[in-house]
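J.: Next up is a structure, given as structure tokens.
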Amino acid sequence: MSIPVLIVIAIVVLYLLNSIKILREYERGVIFRLGRALPLPKGPGIILVFRPFDQIVRVSLRQEVLEVPPQDVITRDNVTIKVNAVITLRVLDPARAVIEVSNYVYQTSQFAQTTLRSVLGEVELDGLLSHRDALNQRIQTIIDQRTEPWGVKVVSVEVKQVDLPESMLRAMAKQAEAEREKRSKIINAEGEFAAAQRLVEAGNLLAQQPLTLQLRYLQTLNDIGAEKNTTVIFPLPVELVSLLGKFVTNVNPAAPAQPPQKSE
């Protein structure tokens, strides 16, 4: 075998070895042959790329996290805030992600910024702070509709941080303090009302059975004796009080006294 033939064989072997590409499990290769994209992406595993006729663009199928920079948002109630978000996306169709858009990550970031400002500008501050899950779902739906023609799926959108001005923070703190004070006053008033009702019921019950009042006196003495103090209280029976009241009434009648008569 002549030397020129050996040289040709060596060149062919080196060319074939250089054409071998290995794609990982999460990678796909979009092949452009003479400028035209092949119908199906290649990979994973070993593929052949015959340069200069073929060009390969590697696309990752793993989820990617995209952080939206802080955006100045004016809410519906005219409060200026700064909001940033985190977007999770992944490529479903590598061919469209390469052909339909030049840089799907940058494009998604720009759409996310405009969508974040427009959606949050339609709600009030209280709605933004209390209904964040619903807003995240709405923003995700809008962005996903725009990225679907590129073969990119928006998995989730999370509003990461909401920066409020200092004046608004002080106002919210005062509002929270006023709400708590209002709740404490209402609870205190409800307790007083319940206690008054119980006292009325207890008074009606004692009025029906006067003997129970004496039992309460004895219970009070027992409680006082347990405290180890020197104060002694002698209860006065209610019947005795009633008898004393009748005696005083008989001794000092309420009728007016007669004036003395003159003798003739």
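J.: How large is ³J(HN,Hα), in whole Hz, for each residue of the range 67-79 in order, when computed from phi with the Karplus curve 6.51 cos²θ - 1.76 cosθ + 1.60 and θ = phi - 60°, using x for Gly and Pro?
T.: Listing the rounded values in order: 9, 7, x, x, 10, 7, 10, 9, 6, 5, 9, 6, 10 Hz.
J.: Here's a follow-up. If each of residue 55 and residue 99 carries a label point 7 Å out from its Cα toward its Cβ, how far apart are those two points in nm?
T.: In this crude label model, residue 55 to residue 99 measures out at 1.5 nm.
J.: Here's something else I'd like to know. Evaluate E = 1/(1 + (r/R0)^6) for residue 132 and residue 185, where r is the Cβ-Cβ distance and R0 equals 35 Å; express this FRET efficiency to the nearest 0.05.
T.: Result of the calculation: an efficiency of 0.65.
J.: Another question, if that's okay. If each residue's Cβ is checked for other Cβ atoms within 10 Å, how do 15, 104 rank with the fewest at the top?
T.: Ranking 15, 104 by Cβ neighbours within 10 Å, fewest first, gives 15, 104.
J.: Note the full-extension length gain between residue 46 and residue 2 as 0.36 nm times their separation in residues minus their Cα-Cα distance, in nm to one decimal.
T.: Length gained, residue 46 through residue 2: 12.5 nm.
J.: For residue 155, list long-range residues whose amide hydrogen, built 1.01 Å from N in the peptide plane, is under 5 Å from its own amide hydrogen.
T.: 88, 89, 90
J.: Please compute the modelled spin-label separation between residue 146 and residue 34, points set 7 Å along Cα→Cβ, answer in nm with one decimal.
T.: Taking the simple label geometry, residue 34 and residue 146 are separated by 3.9 nm.
J.: Would you calculate the volume per residue, in Å³, of the smallest convex hull containing every Cα atom of the range 64-168?
T.: About 79 Å³ per residue, rounded to a whole number.
J.: Which residue, chosen from 50, 35, 125, occupies the Cα position most advanced towards the positive end of the dipole of the range 1-125, where the dipole is computed from +1 (Lys, Arg) and -1 (Asp, Glu) charges on Cβ about the Cα centre?
T.: 50
J.: Taking the Cβ of residue 104 as the centre, find all other residues whose Cβ is under 12 Å away and add up their charges (Lys, Arg: +1; Asp, Glu: -1).
T.: Cβ neighbours under 12 Å give a net charge of 0.
J.: What does the charge dipole of the range 70-135 about its Cα centre add up to, to the nearest 20 debye, if the Cβ of each Lys and Arg holds +1 and the Cβ of each Asp and Glu holds -1?
T.: 220
J.: Net charge near residue 178, counting Lys/Arg +1 and Asp/Glu -1 over other residues with Cβ under 14 Å of its Cβ?
T.: Value of the local net charge: +3.
J.: Enumerate the calculated ³J(HN,Hα) couplings along the range 122-135 in order (Karplus 6.51 cos²θ - 1.76 cosθ + 1.60, θ = phi - 60°), each rounded to whole Hz, writing x wherever the residue is Gly or Pro.
T.: For the range 122-135, the Karplus-derived couplings read 9, 10, 7, 4, 4, x, 5, 7, 9, 10, 5, 5, 5, 5 Hz, x marking Gly and Pro.
J.: Could you work out how much longer the chain between residue 122 and residue 195 gets when fully extended? Use 0.36 nm per residue separation minus the Cα distance between them, nm to one decimal.
T.: Result for the pair: 21.4 nm of gain on full extension.
J.: Less than 13 Å Cβ to Cβ from residue 73, Lys/Arg counted +1 and Asp/Glu -1: what total charge do the surrounding residues give?
T.: In short, -2.
J.: Binned at 10 Å from 0, what are the whole-percent values of the Cα-Cα distance distribution for the range 3-59, short to long?
T.: Result, from short to long distances: 24, 44, 22, 10, 1 percent.
J.: Now for a separate question. Tell me, what HN-Hα J-couplings in whole Hz come from the Karplus equation 6.51 cos²θ - 1.76 cosθ + 1.60 at θ = phi - 60° for each residue of the range 96-107, using x for Gly and Pro?
T.: Once θ is set to phi - 60°, the couplings for the range 96-107 become 5, 5, 8, 7, 6, 9, 6, 8, 5, 5, 5, 5 Hz.
J.: Moving on to the next point. Between residue 206 and residue 17, what is the label-to-label distance in nm when each label sits 7 Å out along the Cα-to-Cβ direction?
T.: 10.9
J.: Taking a label point 7 Å from the Cα of residue 113 along the Cα→Cβ vector, which residues of the range 68-98 have an amide N closer than 11 Å to it?
T.: Only 68-72 fall inside the zone, counting backbone N under 11 Å.
Computed from the coordinates by the stated procedures, all read-outs in this text should not be read as laboratory data. Being a predicted model, the structure only gives us computed values, none of them experimental. No Cβ is skipped: glycine too gets one built from the backbone with ideal geometry, and neighbour counts run over all protein chains shown.
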